[in-house]
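Undergrad: Here it is: the structure, laid out below.
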Amino acid sequence: MPDSPPPYEIRALYTDTTVTVYQAYRPSIGIPAARDGRFPAEWKRDRMTWIKPSFLWMMYRCGWAEKEGQETVLAIEITRTGFEWALSNACLSHHKPGVHPDEATWKRQLKTSPTRVQWDPERNLHLKPLSYRSLQLGLAGEAAHKFADEWIVSITDATPLARKIHGLVREGELDAAKELLPREQPYPIADEVLAHLR
């Protein structure tokens, strides 16, 4: 049996210049975003928005695109430069002794950081939790504006893919479903960038 990945490791579909993250929206936002390659005016830059490099964690969150308000799954290619800026400027979404000297320090960092990180259990094809974690990256303020206006390279509607994989899982065709999953690999990033986020 293969070894599990490290508990706090970023895994993603990426190229030399981009990394793919996932979000799910109601169709009134998701469909025009995929069509135009940018978010419509209805999308609010002033709210925190969470991006997820894990396709299966996104499926867990949106219930295979069946949860209300999350019926359109977007695969969003963003620049690696932007993604790494977000990580470098992030704060953990919870206080962690050993990372933060005390809770007050963490609260100050959280208030001033444009991005926040939380690690949730990765999911398998049945959306059951695994022993290792998946990155969720929350973007607020400056980071949300940069994401929408500078980092996005392409937006693709991944809803048909989600439905196809879900159909195979329901039929018990797990090998076929696995073949269709995005090829997420450990993301190459310096340890010091993640040191304050694990």
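Undergrad: Say whether the condition of being farther than 26 Å from residue 188 by Cβ, at pLDDT 95 or above and of a type in the set (D, E, K, R) is met by at least one residue in the range 23-35.
TA: Within the range 23-35, one or more residues are farther than 26 Å from residue 188 by Cβ, at pLDDT 95 or above and of a type in the set (D, E, K, R).
Undergrad: Select from the range 85-129 the residues that are modelled with pLDDT of 95 or more and open to solvent by 60 Å² or more (accessible area, probe 1.4 Å) and write down the one among them that is farthest from residue 179 (Cα to Cα).
TA: 85
Undergrad: Across the range 18-43, which residue is surrounded by the fewest Cβ atoms within 10 Å (Cβ to Cβ) among those that are under 25 Å from residue 81 (Cβ atoms) and of a type in the set (D, E, K, R)?
TA: The residue in question is 36.
Undergrad: Can I ask one more? Could you figure out which of (1) touching a strand residue (DSSP E or B) at 6+ places or on another chain (Cβ under 9 Å); (2) loosely packed, with under 12 Cβ neighbours inside 10 Å; (3) not basic (Lys, Arg) isn't true of residue 70?
TA: Of (1) touching a strand residue (DSSP E or B) at 6+ places or on another chain (Cβ under 9 Å); (2) loosely packed, with under 12 Cβ neighbours inside 10 Å; (3) not basic (Lys, Arg), only one is false for residue 70: (2).
Undergrad: Tell me whether the range 48-67 contains one or more residues that are in contact with a Phe, Trp or Tyr (Cβ under 6 Å, 6 or more places away or on another chain), among the aliphatic types (A, V, I, L, M), under 24 Å from residue 129 (Cβ atoms) and touching a residue at least 24 places away in the same chain (Cβ under 8 Å).
TA: Taking every residue of the range 48-67 in turn, at least one turns out to be in contact with a Phe, Trp or Tyr (Cβ under 6 Å, 6 or more places away or on another chain), among the aliphatic types (A, V, I, L, M), under 24 Å from residue 129 (Cβ atoms) and touching a residue at least 24 places away in the same chain (Cβ under 8 Å).
Undergrad: If the Cβ limit is 7 Å and pairs must be 6+ apart or interchain, which residue in the range 132-144 that is of a type in the set (Lys, Arg) pairs with which residue that is surrounded by 20 or more Cβ atoms within 10 Å (Cβ to Cβ) and assigned to a strand (DSSP E or B)?
TA: Taking only residues 6 or more apart or on different chains, the pairs are 133/122.
Undergrad: Still on this structure, I have one more. Identify all residues within the range 1-29 that are over 19 Å from residue 147 (Cα atoms) and polar (S, T, N, Q); write none if there are none.
TA: Answer for the range 1-29, where residues must be over 19 Å from residue 147 (Cα atoms) and polar (S, T, N, Q): 4, 28.
The values are calculated or read from the model by the stated rules, or taken from the named source; none is laboratory data. What you see is a predicted model, and the numbers here were worked out from it, not measured in a lab. So basically every Cβ, Gly included, is an ideal-geometry build from the backbone, and we count neighbours across all protein chains shown. Areas reflect the complete protein model, heavy atoms only, side chains present, ligands, DNA and RNA absent. Shrake-Rupley method; radii C 1.70, N 1.55, O 1.52, S 1.80 Å.
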